[in-house]
Structure formats: C-alpha cells, structure tokens
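Enquirer: Handing you a structure now.
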Amino acid sequence: MDAATSVTPGAVSHILANPSPGDAAEIPELVVQVVDLKSIGTGSRFSFMASDGKDKIRAMLPTQLAPEVHSGNLQNLGLIRILDYTCNALPPKNDKALIISKCEVASQALDAEIISEDKKQEGPAIVLKPKDEGVVLSKPANAPLVVLKPKQEVKSASQIVNEQRGNACSAAPAARLAMTRRVHPLISLNPYQGNWVIKVRVTNKGNLRTYKNARGEGCVFNVELTDEDGTQIQATMFNEAAKKFYPMFELGKVYFVSKGSLRIANKQFKTVQNDYEMTLNENAVVEEAEGETIIPQVQFNFVKIDQLGSYVNGRELIDIVGVVQSVSPTLSVRRKRDDETIPKRDIVVADDSGKTVSVSLWNDLATTTGQELMDMVDSSPIVAIKSLRVSDFQGVSLSTVGKSTLLVNPDLPEAQNLKSWYDSEGKGTSMAPIGADMGVARAGGLRSMYSDRVFLSHITSDPNMGQEKPVFFSLNAIISHIKPDQNMWYRACKTCNKKVTEAVEGGYWCEGCNKNDAECSLRYIMVIKVSDPTGEAWVSVFNEHAERIIGCSADELDRIRREEGDDSYILKLKEATWVPHLFRVSVAQHEYMNERRQRTTVRTEAPVDYAAESKYLLEEIAKLTAC
C-alpha cells in the first residue's frame, strides 16, 4: 500500500506507552485510520476507533475538526496525522481513551479498513534515536525502513528543569509551573482527566454575587478563560473559592490554572462555545504568567443593531459595537428582589446599519464608565460591549449583566471601520430606533404581526428550527383546542410573580423575596393547539396573553372550577376556541428527558384587525402579480 494512504505501524502501542508526551515536537509521525466515526451530543464532537492496522483505541476528535467532518473532508475510514494528544483512563474500568488536541487530515476515506497481514505478530518496536539521527520505526522484514526526522530541535520540559535546577528555587511560581508541568490546550480537557495545567487569559470577569436558597447563603462569581488557540471555557467559583480568587483574577491577564474539575455544561446557561464548564474550589492553583502576549484578548462576536430582533427575550447574550449618540444622567432604581438601590444609566448607540438602540448600564458600568462616556459624548466615542441581554422593552433594548464588559474606543478593526463610516457619512444620516420596527406599538399598532408572516407548516416541517438561537415569526391562526386537564397555572408570589411553595408552618414561601406570605396568586402557564390551512401545532402561552385568550384571570378560572363545577370550567375554555388571533411566536429547541424538542412560545397576541389584515393581503397579492 502507498505510504501516503497507510497508517503508522505500532502507532497505538506508542500512544499507550507514552500517554502524555512532554512536548508536541517530540511526537513521531503517527498516522491512524478513523474507524466507526460517531457523533457525540449536538454534533460538535466526534468519537471513533483509532486503528494502526493491528491495534485500536477509543479516540475523540477536537471540536475544530467538526467542520471537516460536516463538509465530508474527513470521513469514516479516512486517515489523520496526530500532532498532539493525551491518553486518559476512563472510569469505572480504567479503559484507555485517546484525547486528540491537534491533528490534520492525511487522507480521505479509503475503500476498506486497513488490517495488518498477521495480527498475531507482535507490534513493531519503536526505537527513539538521538535527535540528530531522527526517529526510526522498525517494521516487518518485508517492509522498507522508515526514518522520521523530528520537526525541530526543542528541549523537553525535563531537560529544561535539569539545566535550570540551580536557580529553579528562586524562580517565580508561575515559571516553575511552566517548566515542570505540561500545559494542556483547553480542547483536550474532559471530566475524566486528572492532573492538568492550562495557560489562559481572563477575557471576561463577572461580579461577585451573593445568593440565598434553602441550603443557606453564599457567594459566587465566574470568569471566561481563553487559551492561545482561541478556545474558551467558563470557570465558576463558590463561597471560599470565590472570595479567594475574585481579587486574584484580573481582566486581561494571563494565568496558569490547575487542580480544577470539569462537568458537562448546561446548554441553557453557557456563555461560551464549549461542551464543558470548569469549577475551581479553594484548593485550585492559580498563578499569574507575566509577560504573555500570545493568548488573544477579549473576543467579540458582534451583531448589527438591525439584526437584534431575532434575539429578543432569548437566553443568548450578544455583543455590539456602536457610536455613542447620547448619555443619560445616573438614576437610582430599587430592585424588587432585595429592595436594594442600584445605579442605572442609559446610553444610545448607533452603527452602520442605520439604526440606534438604547443600552442600560448597571452598577459600576453606570457610575464609572458611564460618567466617562458622558464627559466625552460630544466626540462620538466608539464602544464595544460584550454580553448584553436583549429585551422587548420599547420594542428592542439592551441591558448589561454582571459579566458584561465595555471598552471605550477599542483598538479593533470593527471599531476603526465604524469610526471611519461615521466621520464620512454616518454623522449626517438620519437614524431611527430599532424598536420602532419591532414589537406591538404602544399606540396600538400591529406592525410586528405582519412581519415574518408564515404558515404553521413552515415551523412544523423543520424539527431542527431554532437549534442555534430562537427564531421569530408571525401567525394568523385559530385556537382549535385547549386541554382542560392540563396544569393551567402555578402558584406565584404576589410581589415578584415567581413560583412559591407551601410552607410547613403555613402560608407560601417565596425564594426570590425570601419571605413567607399568607396568600399567593395563580398565573397561567398553559399550552394550546392552534390551526391554520396548512396544519396545527401546540404552543406555550403565559399569563398576560392567556388572560386575553381565556377572558379572565387564572384566579377567576380556578374559582369557576371550584364553585360552579367542571362543566362551567370546560365551557369557559370552549368559548375561547375557534377564535382567530394574530400571534408573534418564538421557536427554540429545549431538552426534556435527554431528548431535544422544538418549543413554540407566544410572545405577543392580538385579535385580528380585518381592515389591517385585508390591506396586508392586498400588498402580498401585489407583490405576486409584480413578479
């Protein structure tokens, strides 16, 4: 077989004998065949059996090779060249697993699996010669001898330690850690890995927050860490660890981190693209690495202001870059949760999409950075803001959260391009708020009900819709059925509307308000079936919209059921069916019992305005006849 389409004999034996190589440059040519390629989870990771023709080992591809698999460049029975790896023992049987951190495609899929002529024969021995003589892999007698030259002259970590043993004791802690421990890329980490050291930059730092729950009080904060490959992970610290590391972690600095633990990330709350999240307790080791410039700074994924509509009320946080148009004075807002007064300041920013949006700054961003922006607003500064929540207040608005980061006049290509645009033409352009084009207008307009209008079949025919982020549509549909035996409501706190539980001593306990009340209210949380000419679907409806659909509050419907009986209760629900409505809905994916499902949720509801509906239909007909 041609050497370009063959594996390295004894590759698996070499990996098992060297489970954690000291340096990637010391790894010889290791070409293996991908056998039994399988997707893990959502398709961002793939596992397979790495075969050298004689032996096999369970392996996992790095996430950066997922596009190669999706594009078909890397397929089952293809060959890859392993450039860096770690071999771990997986509980409970300590089976070996190969975690590949760097590799490249050596050949596309072959016709069949490579199998050695005599699998009973002992695997070929691997002899590591001195560096100037190269690496010699001895092969069977009927195969030519292959000599592999090392990629470069790089000293191993042990050689460095031996040469510098005389002054190692006086070296900085981070320097000692770098010399004595191999630095692992974030992509190679997994929950089953034991000892590891990572070198990362703090690209986002949240506030130190306090919390109260049934188990007591505590504090928590998190950081986003980025390594030199650009891979990110979120690390969370609680209580004593949070108090210890909060002053130690500084935004923008580089650290060596070890003795942490990993677990599967909660996809509903994760803020970075990583399948795992990290937890650091008080025994974790964090040491600053001074003078490091290779690891990238804060990474942004900017969204244009005119594209914010699809993110409204979603869980995903977004980044924007814009020109500051105005800055308001600082206001004091009383928070319902704990009755604490916190500072708030609103700024209006614009970008080259020709739209503006209001951004609410909270806490330190309002008092410090906000004051800085007020002092320089006349010069139209550029701001880059990371991790903003998108809400439907005033149509569309943005708000900072505890982990938000704001940079003024950042040295970024996007900021420089925006500044050039604004100075040349944007300053004289008339720009409208993005909220003017979104949502139900407070004056009673229904513009959003006629944007992105689709039939139900457009949603139900695509079960993967909303997988990356929620998508929004408008519907004209009839309510065809409301289940009378479903859980129509939940018990809610009269102050904050959060769910309450019955207290042992009587009354209802609210976790959010941290108090016990004698009474509670009922709030709708229900599903209804809607239909149109193309099909039907179940949609979720919450309190405000459900009250308009049913025609009464959840407390009143509960009273009808208790006092007037089930017949009156069912009749009340039937009165709400076979009535046409205009809906603005979001479509997203969620997990239930380890199964991904599509969920459609009503965001806005309104009765059909037949005059406006007729005008819309005439406009659509005109578009068709104009083609």
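The values are calculated or read from the model by the stated rules, or taken from the named source; none is laboratory data. Treat the numbers as computed from the prediction; the structure is a model and nothing was measured. Cβ placement follows ideal geometry from the backbone for every residue including glycine, while neighbour counts extend to all protein chains displayed. Keep in mind that these areas ignore ligands, DNA and RNA; they rest on the heavy atoms of the full protein, side chains included. Shrake-Rupley method; radii C 1.70, N 1.55, O 1.52, S 1.80 Å.
Enquirer: Exactly one condition in (1) part of a strand (DSSP E or B); (2) open to solvent by 60 Å² or more (accessible area, probe 1.4 Å); (3) of a type outside the set (D, E, K, R); (4) farther than 26 Å from N266 by Cβ is not met by L618; state its number.
Expert: (1)
Enquirer: May I ask you to list the residues in region 57-96 that are small (G, A, S), buried (at least 19 other Cβ atoms within 10 Å of the Cβ) and not in a loop (DSSP other than H, G, I, E, B)? Spell out how you get there, then give the answer.
Expert: Looking only at region 57-96, we keep the residues that are small (G, A, S), and these are 59, 66, 71-72, 78, 89.
Adding the requirement that they be buried (at least 19 other Cβ atoms within 10 Å of the Cβ) leaves 59, 78.
Passing the criteria: only A59.
Enquirer: Scan region 183-235 residue by residue and report those that are closer than 15 Å to I99 by Cα, more than 17 Å from the chain's Cα centre (by Cα) and not in a strand (DSSP E or B).
Expert: Narrowing region 183-235 to residues closer than 15 Å to I99 by Cα: 183-196.
Filter again for more than 17 Å from the chain's Cα centre (by Cα), leaving 183-185, 188-196.
Scanning region 183-235 gives H184, P185, S188, L189, N190, P191, Y192, Q193, G194, N195, W196.
Enquirer: While we're here: Look through region 600-615, keep the residues that are assigned to a strand (DSSP E or B) and touching a residue at least 60 places away in the same chain (Cβ under 8 Å), and return whichever of them is farthest from the chain's Cα centre (by Cα). Even if it seems obvious, please write down each step before you answer.
Expert: Our first condition is that a residue be assigned to a strand (DSSP E or B); within region 600-615, this holds for 600-607.
Okay, now just the ones that are also touching a residue at least 60 places away in the same chain (Cβ under 8 Å), so 600-606.
Values: T600: 21, T601: 21, V602: 24, R603: 23, T604: 26, E605: 30, A606: 33 Å.
Looking at the filtered set, the residue picked out is A606.
Enquirer: So R597 fits all but one of (1) touching a residue at least 12 places away in the same chain (Cβ under 8 Å); (2) in a strand (DSSP E or B); (3) basic (K, R); what number is the exception?
Expert: Single failed check for R597: (1).
Enquirer: Then there's this: Read through the list (1) in a loop (DSSP other than H, G, I, E, B); (2) touching a Ser or Thr at 6+ places or on another chain (Cβ under 6 Å), then give the number of the only condition that R345 fails.
Expert: (1)
Enquirer: Residues that are among the β-branched types (V, I, T): list the strands (runs of 3 or more DSSP E) wholly contained in region 446-518 that include at least 3 such residues. Spell out how you get there, then give the answer.
Expert: Numbers: elements: 471-482, 489-492, 500-502, 508-510, 515-517.
By residue number, 471-482.
Enquirer: Could you tell me which residue of region 519-534 is farthest from D462 (Cα to Cα), considering only residues that are assigned to a strand (DSSP E or B) and without any contact (Cβ under 8 Å) to a residue 40 or more places away in the chain? Outline the logic, then answer.
Expert: Keep residues of region 519-534 that are assigned to a strand (DSSP E or B), which gives 521-532.
In the following step, the residues that additionally are without any contact (Cβ under 8 Å) to a residue 40 or more places away in the chain were identified as 521-525.
Working: S521: 38, L522: 35, R523: 31, Y524: 28, I525: 25 Å.
Looking at residues that are assigned to a strand (DSSP E or B) and without any contact (Cβ under 8 Å) to a residue 40 or more places away in the chain, I get S521.
Enquirer: What number of residues within region 243-274 satisfy the criterion of being surrounded by 14 or more Cβ atoms within 10 Å (Cβ to Cβ) and not in a loop (DSSP other than H, G, I, E, B)?
Expert: The qualifying residues number 9.
Enquirer: Still on this model: Among the listed residues E277, E217, which satisfies the condition of being under 30 Å from C513 (Cα atoms) and exposed (fewer than 15 other Cβ atoms within 10 Å of the Cβ)? Walk me through how you get there before you give the answer.
Expert: Values: E277 fails: exposed (fewer than 15 other Cβ atoms within 10 Å of the Cβ).
Only one candidate qualifies: E217.
Enquirer: Based on what the data block shows, is N514 at positive phi and under 32 Å from the mean Cα position of the chain (by Cα)?
Expert: Taking the combined requirement at face value, the residue satisfies it.
Enquirer: Then there is this: Pull out all pairs, ordered by first then second residue, where Cβ-Cβ is under 8 Å, the residues are six or more apart or on different chains, the first lies in region 276-290 and is among the small types (G, A, S) and at pLDDT below 90, and the second is open to solvent by less than 40 Å² (accessible area, probe 1.4 Å) and not in a loop (DSSP other than H, G, I, E, B).
Expert: The qualifying pairs are A289/A174; A289/V254; A289/Y255; A289/F256.
Enquirer: Would a scan of region 595-614 turn up a residue that is small (G, A, S) and within 30 Å of E468 (Cβ to Cβ)?
Expert: The answer is yes; a qualifying residue exists.
Enquirer: Please work out which residue is surrounded by the most Cβ atoms within 10 Å (Cβ to Cβ), limiting yourself to region 535-568 and to residues that are part of a loop (DSSP other than H, G, I, E, B) and among the small types (G, A, S).
Expert: Within region 535-568, the match that is surrounded by the most Cβ atoms within 10 Å (Cβ to Cβ) is S553.
Enquirer: Out of the residues in region 297-312 that are within 30 Å of Y246 (Cβ to Cβ) and open to solvent by 40 Å² or more (accessible area, probe 1.4 Å), state the one that is modelled with the highest pLDDT.
Expert: Among those residues, the one meeting the criterion is F302.
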